[in-house]
Amino acid sequence: MIRTIERYGSEILRKRAQQVNHVNGEIRAILQDMKETMHTFSGVGLAGNQVGVLLRLITFVHPDTKEDLALINPEIVWQSEEKEVGEEGCLSVPEVYAKIERSRKVRVRGLSEKGEEVVFDADGFLARILQHEIDHLNGILFVDHLSPSRRLLLGNKLKKIARGNGE
Ligand code: NI
């Protein structure tokens with residue numbers, strides 16, 4: 001089922017998502033919906049908050065294999081000091097793109113859809129996607145990483161999205 005994407009200005013995007021205690025059929029069904037929604041809107045990643053589900057769930061497309069993946073309760077357990085700047089966008093902030101600095105490498109821990117613990121290292125674009133999506137679970141949007149002056153430049157565009165929200 002394709003879910004509605006919450007847009008910039010929606011309260012739920014600013015909330016901290018809750019830990020998932022039991023990985024069951026209900027959780028897997030939400031993740032399936034998230035993958036479907038992500039594809040429908042041509043995204044490369046999606047977080048629970050973005051479809052109005054305040055649970056620590058993310059889906060993403062692996063940049064190399066193009067495989068759809070999901071993680072439950074993902075957390076960054078290590079991130080490189082080395083940073084990299086790359087362009088980002090977000091399905092919740094349509095038509096806004098900005099260059100954002102992120103760690104070049106991260107180590108992520110979480111649960112698979114089967115409920116098994118997984119730990120893996122990611123770099124480059126995959127590391128960027130994971131940092132962006134895990135930020136969502138903590139109520140953080142990519143534009144929050146911009147300097148105040150650069151955010152000001154996007155101000156009108158953001159206000160326009162926020163105004164359109166729910167109207
Ligand atoms: Ni996003």
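Relative contact order for region 18-91: 26 percent, from Cα pairs under 8 Å spaced at least 6 residues apart, divided by residue count.
Pairs from the table (K99/K160; K105/K160; K15/K99; K35/K105) lying more than 29 angstrom apart at Cα are K105/K160.
Remark: relative contact order (the chain) = 26 percent; criterion is Cα-Cα distance under 8 angstrom and separation of 6 or more residues. Footprinting exposure proxy ranking of L126, L146, fewest other C-beta atoms within 10 angstrom first, gives L146, L126. Extents of the chain, taken as max minus min of Cα coordinates on every principal axis and listed largest first, are 44, 40, 27 Å.
Placing +1 on the Cβ of every Lys and Arg and -1 on the Cβ of every Asp and Glu, with no other charges, gives region 1-83 a dipole of roughly 300 debye about its Cα centre. Positive end of the dipole of the chain, charges at C-beta (+1 Lys, Arg; -1 Asp, Glu), about the Cα centre: which of Q19, G9, L111 has its Cα farthest in that direction? Farthest towards the positive pole: G9.
A simple spin-label model places pseudo-atoms 7 Å from Cα toward Cβ; at E87 and E116 they are separated by 3.8 nm.
Readers should treat all values here as calculations from the given coordinates under stated rules, not as data from a laboratory. Since the model is a prediction, treat every value here as computed from it, not as a measurement. Every residue, glycine as well, gets a Cβ built from its backbone with ideal geometry; the counts of neighbours run over all protein chains shown.
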